[in-house]
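Engineer: Submitted below is the structure of interest, expressed as structure tokens.
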Amino acid sequence: MLTEPIGRAEQIAKLNDRARSGFDPSARIMFTRGCLDAFCNGDTPSGLVAQAELIKTMRRHRFEEDTYGERDFGAFTFRGERVFFKIDYYDLNLEYGSEDPADASITARVVTIMLATEY
């Protein structure tokens, strides 16, 4: 049985899902200063727990509809605050934008978790 090749947007979406899920060793998950200040109280145990909970909530996010199909942006509510996450595509040195986000061999993904008010 032959399988049909997937489209570019679906390839990017799969790689983005992999990055959000923690299965992409080149991906990085970052928090904005506002997000850390709002929830994390520095590097205290409760702050680290909050970071883990934010990542867990982001990873469980289910996309209802994504205009471009890449699943590179989402929103959820955390402790009563609206939180966004977005995925950006860089070269492997994190200096420039990736030439082809559909090619995992040349793309590093950076997932940024932020307060909606910071967007």
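Engineer: Quick one: how many residues across the stretch 81-100 are within 20 Å of Arg59 (Cα to Cα) and within 16 Å of the chain's Cα centre (by Cα)? Write out each step before concluding.
Structural biologist: Here is the first cut: in the stretch 81-100, the ones within 20 Å of Arg59 (Cα to Cα) are 81-89.
Next, only the ones that are within 16 Å of the chain's Cα centre (by Cα) stay: 82-89.
Qualifying residue count for the region: 8.
Engineer: A further question on this structure: Could you tell me whether Glu70 is in contact with a helix residue (DSSP H, G or I) (Cβ under 7 Å, 6 or more places away or on another chain) and either in a loop (DSSP other than H, G, I, E, B) or acidic (Asp, Glu) (or both)? Full working, then the answer.
Structural biologist: Working: in contact with a helix residue (DSSP H, G or I) (Cβ under 7 Å, 6 or more places away or on another chain): yes; either in a loop (DSSP other than H, G, I, E, B) or acidic (Asp, Glu) (or both): yes.
Yes.
Engineer: Given (1) under 16 Å from the mean Cα position of the chain (by Cα); (2) on the phi < 0 side of the Ramachandran plot; (3) surrounded by fewer than 17 Cβ atoms within 10 Å (Cβ to Cβ), where does Asn16 come up short, assuming only one miss?
Structural biologist: (3)
Engineer: Okay, next question. Do we have Arg109 as touching a helix residue (DSSP H, G or I) at 6+ places or on another chain (Cβ under 9 Å) and among the basic types (Lys, Arg) here?
Structural biologist: Working: touching a helix residue (DSSP H, G or I) at 6+ places or on another chain (Cβ under 9 Å): yes; among the basic types (Lys, Arg): yes.
So Arg109 passes the test.
Engineer: Could you please give the count of residues in the stretch 64-85 that are closer than 18 Å to Ile12 by Cβ, surrounded by 14 or more Cβ atoms within 10 Å (Cβ to Cβ) and either touching an Asp or Glu at 6+ places or on another chain (Cβ under 7 Å) or free of Cβ contacts under 8 Å to residues at least 60 places away in the same chain (or both)?
Structural biologist: 5
Engineer: Still on this structure, please answer the following. Going by the structure shown, is Lys56 of a type in the set (Lys, Arg) and either part of a strand (DSSP E or B) or under 26 Å from Ile6 (Cβ atoms) (or both)?
Structural biologist: Details: of a type in the set (Lys, Arg): yes; either part of a strand (DSSP E or B) or under 26 Å from Ile6 (Cβ atoms) (or both): no.
No, not satisfied.
Laboratory data are not the source of any read-out in this text; all were calculated from the coordinates shown. Note that the structure is a prediction, hence the values are computed from the model and not measured. Because the Cβ atoms are built from the backbone with ideal geometry, glycine has one as well, and the counts that use them run over all protein chains shown.
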